[in-house]
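The values are calculated or read from the model by the stated rules, or taken from the named source; none is laboratory data. Not measured: the values here are computed from a predicted model. All Cβ positions, glycine included, derive from the backbone under ideal geometry; neighbour counts span all protein chains shown.
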Amino acid sequence: MQTQLVNQSALLTGLQALLAEHQIPAIVEVHDPAIILENAYDASAPPQFAHLIIRRSQLDLYSRRALLDVGFKRTQSGTFELIADDWDLRQNAIGHAIGGSIQFLRAVQTQYNIAIVQQTMSPHLWDHSDIQTLDDGTKRLVLTQRPIEVVTL
(Lines give C-alpha, C1' and ligand atoms only; values in the text may rest on other atoms or scores of the structure.)
Protein backbone atom coordinates (compact mmCIF):
# COMPACT_ATOMS: atom_id res chain seq x y z
CA MET A 1 0.00 0.00 0.00
CA GLN A 2 1.66 3.20 -1.23
CA THR A 3 2.08 6.19 1.12
CA GLN A 4 3.38 9.74 0.82
CA LEU A 5 5.78 9.23 3.75
CA VAL A 6 9.36 10.12 2.82
CA ASN A 7 11.27 10.81 6.05
CA GLN A 8 12.55 7.55 7.55
CA SER A 9 13.43 9.13 10.90
CA ALA A 10 9.93 10.60 11.29
CA LEU A 11 8.37 7.29 10.21
CA LEU A 12 10.43 5.40 12.80
CA THR A 13 9.54 7.91 15.53
CA GLY A 14 5.88 7.82 14.50
CA LEU A 15 5.73 4.01 14.53
CA GLN A 16 7.41 3.86 17.94
CA ALA A 17 4.99 6.46 19.34
CA LEU A 18 1.98 4.64 17.89
CA LEU A 19 3.04 1.28 19.32
CA ALA A 20 3.71 2.86 22.72
CA GLU A 21 0.37 4.71 22.69
CA HIS A 22 -1.45 1.40 22.20
CA GLN A 23 0.83 -0.48 24.63
CA ILE A 24 2.13 -2.85 21.96
CA PRO A 25 5.58 -3.94 23.19
CA ALA A 26 7.12 -4.29 19.75
CA ILE A 27 10.46 -3.05 18.45
CA VAL A 28 10.74 -1.45 15.02
CA GLU A 29 13.81 -2.82 13.24
CA VAL A 30 15.66 -0.57 10.77
CA HIS A 31 17.60 -2.13 7.89
CA ASP A 32 19.60 -0.77 4.99
CA PRO A 33 19.47 -2.54 2.64
CA ALA A 34 15.97 -3.91 3.03
CA ILE A 35 15.71 -7.47 4.35
CA ILE A 36 13.18 -10.24 3.90
CA LEU A 37 9.92 -10.27 5.83
CA GLU A 38 8.86 -13.45 7.63
CA ASN A 39 5.79 -15.19 6.23
CA ALA A 40 4.41 -18.17 8.17
CA TYR A 41 1.21 -18.13 6.13
CA ASP A 42 2.45 -19.04 2.66
CA ALA A 43 6.00 -20.34 2.36
CA SER A 44 5.64 -20.53 -1.44
CA ALA A 45 4.84 -16.80 -1.78
CA PRO A 46 7.54 -14.62 -3.36
CA PRO A 47 9.70 -12.99 -0.69
CA GLN A 48 8.97 -9.41 0.28
CA PHE A 49 11.52 -6.98 1.64
CA ALA A 50 11.32 -3.94 3.92
CA HIS A 51 13.52 -1.30 5.53
CA LEU A 52 11.45 -0.85 8.72
CA ILE A 53 10.03 -4.03 10.20
CA ILE A 54 7.75 -4.99 13.07
CA ARG A 55 8.23 -8.72 13.54
CA ARG A 56 5.16 -10.93 13.61
CA SER A 57 6.40 -12.65 16.77
CA GLN A 58 5.91 -9.35 18.63
CA LEU A 59 2.32 -8.92 17.38
CA ASP A 60 0.77 -12.09 18.80
CA LEU A 61 -2.41 -11.90 20.83
CA TYR A 62 -3.33 -14.35 23.57
CA SER A 63 -5.81 -15.97 21.20
CA ARG A 64 -3.97 -15.74 17.89
CA ARG A 65 -0.47 -15.79 16.47
CA ALA A 66 0.42 -13.24 13.81
CA LEU A 67 1.49 -14.89 10.56
CA LEU A 68 3.28 -12.10 8.71
CA ASP A 69 5.69 -9.31 9.57
CA VAL A 70 4.59 -5.71 9.03
CA GLY A 71 7.06 -3.61 7.08
CA PHE A 72 7.70 -0.34 5.29
CA LYS A 73 9.80 -0.46 2.14
CA ARG A 74 11.40 2.59 0.53
CA THR A 75 10.37 2.76 -3.12
CA GLN A 76 12.35 4.08 -6.08
CA SER A 77 10.42 7.37 -5.80
CA GLY A 78 11.63 7.81 -2.20
CA THR A 79 8.28 7.17 -0.52
CA PHE A 80 7.54 4.28 1.80
CA GLU A 81 5.16 1.47 0.96
CA LEU A 82 3.33 -0.49 3.66
CA ILE A 83 3.97 -4.21 3.26
CA ALA A 84 1.27 -6.01 5.26
CA ASP A 85 -1.59 -8.41 4.78
CA ASP A 86 -4.82 -6.65 5.75
CA TRP A 87 -6.46 -9.83 7.06
CA ASP A 88 -3.46 -10.76 9.22
CA LEU A 89 -3.06 -7.16 10.40
CA ARG A 90 -6.68 -7.10 11.58
CA GLN A 91 -6.06 -10.30 13.58
CA ASN A 92 -2.84 -9.26 15.34
CA ALA A 93 -2.09 -6.78 18.15
CA ILE A 94 -2.05 -3.80 15.74
CA GLY A 95 -5.45 -4.65 14.32
CA HIS A 96 -6.89 -5.33 17.75
CA ALA A 97 -5.82 -1.84 18.90
CA ILE A 98 -6.15 0.21 15.69
CA GLY A 99 -7.90 -1.67 12.88
CA GLY A 100 -6.94 -2.76 9.37
CA SER A 101 -4.42 -1.37 6.92
CA ILE A 102 -6.25 1.89 6.21
CA GLN A 103 -6.81 2.71 9.88
CA PHE A 104 -3.23 1.72 10.67
CA LEU A 105 -1.87 3.98 7.93
CA ARG A 106 -4.01 6.90 9.12
CA ALA A 107 -2.67 6.45 12.65
CA VAL A 108 0.91 6.16 11.34
CA GLN A 109 0.40 9.31 9.23
CA THR A 110 -0.76 11.26 12.30
CA GLN A 111 2.22 10.18 14.40
CA TYR A 112 4.54 10.81 11.41
CA ASN A 113 3.16 14.37 11.09
CA ILE A 114 3.73 15.02 14.79
CA ALA A 115 7.30 13.71 14.46
CA ILE A 116 7.93 15.97 11.43
CA VAL A 117 6.76 19.03 13.39
CA GLN A 118 8.85 18.07 16.41
CA GLN A 119 11.93 17.45 14.25
CA THR A 120 11.66 20.63 12.18
CA MET A 121 10.25 23.22 14.58
CA SER A 122 13.05 24.33 16.89
CA PRO A 123 12.13 23.65 20.53
CA HIS A 124 13.97 26.87 21.39
CA LEU A 125 11.41 28.85 19.37
CA TRP A 126 8.30 26.65 19.61
CA ASP A 127 6.61 24.61 22.32
CA HIS A 128 5.02 21.59 20.64
CA SER A 129 4.48 19.35 23.64
CA ASP A 130 0.70 19.90 23.80
CA ILE A 131 -0.83 16.96 21.90
CA GLN A 132 -4.56 16.66 22.47
CA THR A 133 -6.75 13.69 21.62
CA LEU A 134 -10.16 14.93 20.49
CA ASP A 135 -13.51 13.20 21.09
CA ASP A 136 -13.44 11.61 17.62
CA GLY A 137 -9.98 10.13 18.27
CA THR A 138 -8.08 12.58 16.07
CA LYS A 139 -5.04 14.37 17.43
CA ARG A 140 -4.37 18.08 17.63
CA LEU A 141 -0.83 19.36 18.02
CA VAL A 142 -0.76 22.86 19.46
CA LEU A 143 2.24 25.00 18.54
CA THR A 144 3.01 27.90 20.84
CA GLN A 145 5.72 30.36 19.91
CA ARG A 146 8.11 30.95 22.78
CA PRO A 147 9.03 34.52 23.69
CA ILE A 148 11.99 35.73 21.70
CA GLU A 149 14.80 36.99 23.85
CA VAL A 150 16.12 40.30 22.63
CA VAL A 151 19.69 41.04 23.49
CA THR A 152 20.55 44.72 23.68
CA LEU A 153 24.06 45.90 23.23
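Counting just the residues of segment 71-116 that are β-branched (Val, Ile, Thr) and touching a helix residue (DSSP H, G or I) at 6+ places or on another chain (Cβ under 9 Å), which one comes out farthest from GLY14 (Cα to Cα)? Full working, then the answer.
Going through segment 71-116, the residues β-branched (Val, Ile, Thr) turn out to be 75, 79, 83, 94, 98, 102, 108, 110, 114, 116.
If we keep only those that are touching a helix residue (DSSP H, G or I) at 6+ places or on another chain (Cβ under 9 Å) as well, we get 94, 98, 102, 108, 110, 114, 116.
Details: ILE94: 14, ILE98: 14, ILE102: 16, VAL108: 6, THR110: 8, ILE114: 8, ILE116: 9 Å.
Top of the filtered list is ILE102.
For segment 102-114, give me each residue that is crowded, with 18+ Cβ neighbours inside 10 Å and either closer than 16 Å to THR79 by Cβ or of a type in the set (Phe, Trp, Tyr) (or both).
Within segment 102-114, PHE104, LEU105, VAL108, TYR112 qualify.
Suppose we filter segment 46-81 for residues that are assigned to a loop (DSSP other than H, G, I, E, B) and either charged (D, E, K, R) or under 28 Å from VAL6 (Cβ atoms) (or both); how many remain? Before the answer, list the steps.
Of the residues in segment 46-81, the ones assigned to a loop (DSSP other than H, G, I, E, B) are 46-48, 55, 59-60, 62-63, 65-67, 69, 75-79.
If we keep only those that are either charged (D, E, K, R) or under 28 Å from VAL6 (Cβ atoms) (or both) too, we end up with 46-48, 55, 59-60, 65-66, 69, 75-79.
Going through segment 46-81 one residue at a time, the tally reaches 14.
For segment 85-93, indicate whether the set of residues that are under 24 Å from ASN7 (Cβ atoms) and either within 13 Å of the chain's Cα centre (by Cα) or modelled with pLDDT of 90 or more (or both) is non-empty.
First, the residues of segment 85-93 that are under 24 Å from ASN7 (Cβ atoms): 89.
Checking the rest, the ones that are also either within 13 Å of the chain's Cα centre (by Cα) or modelled with pLDDT of 90 or more (or both) come to none.
Checked segment 85-93: no residue is under 24 Å from ASN7 (Cβ atoms) and either within 13 Å of the chain's Cα centre (by Cα) or modelled with pLDDT of 90 or more (or both).
Do we have LEU125 as surrounded by fewer than 17 Cβ atoms within 10 Å (Cβ to Cβ), without any contact (Cβ under 8 Å) to a residue 40 or more places away in the chain and in contact with a His (Cβ under 7 Å, 6 or more places away or on another chain) here? Write out each step before concluding.
Values: surrounded by fewer than 17 Cβ atoms within 10 Å (Cβ to Cβ): yes; without any contact (Cβ under 8 Å) to a residue 40 or more places away in the chain: yes; in contact with a His (Cβ under 7 Å, 6 or more places away or on another chain): no.
Against the criterion (surrounded by fewer than 17 Cβ atoms within 10 Å (Cβ to Cβ), without any contact (Cβ under 8 Å) to a residue 40 or more places away in the chain and in contact with a His (Cβ under 7 Å, 6 or more places away or on another chain)), LEU125 does not qualify.
Given the residues ALA84, ALA93, ALA115, which is the only one that is in contact (Cβ under 8 Å) with a residue 40 or more places away in the chain and out of contact with any strand residue (DSSP E or B) (no Cβ under 9 Å at 6 or more places or on another chain)? I'd like the intermediate steps shown before the answer.
Details: ALA84 fails: out of contact with any strand residue (DSSP E or B) (no Cβ under 9 Å at 6 or more places or on another chain); ALA93 fails: out of contact with any strand residue (DSSP E or B) (no Cβ under 9 Å at 6 or more places or on another chain).
Sole residue among the options that is in contact (Cβ under 8 Å) with a residue 40 or more places away in the chain and out of contact with any strand residue (DSSP E or B) (no Cβ under 9 Å at 6 or more places or on another chain): ALA115.
Which of the residues spanning segment 82-122 are in a loop (DSSP other than H, G, I, E, B) and more than 23 Å from ASP136 (Cα to Cα)? Outline the logic, then answer.
Step one: of segment 82-122, the residues in a loop (DSSP other than H, G, I, E, B) are 84-85, 92, 98-100, 121-122.
Hits for segment 82-122 are ALA84, ASP85, ASN92, MET121, SER122.
Take the residues of segment 127-148 that are in a loop (DSSP other than H, G, I, E, B) and farther than 17 Å from TYR112 by Cβ: which is modelled with the highest pLDDT? Before the answer, list the steps.
Kept after step one, since they are in a loop (DSSP other than H, G, I, E, B), are these residues of segment 127-148: 134-138, 146-148.
Now drop any that are not farther than 17 Å from TYR112 by Cβ, which leaves 134-136, 146-148.
Details: LEU134: 81, ASP135: 85, ASP136: 82, ARG146: 77, PRO147: 80, ILE148: 75.
Step by step, filter segment 127-148, then rank; the result is ASP135.
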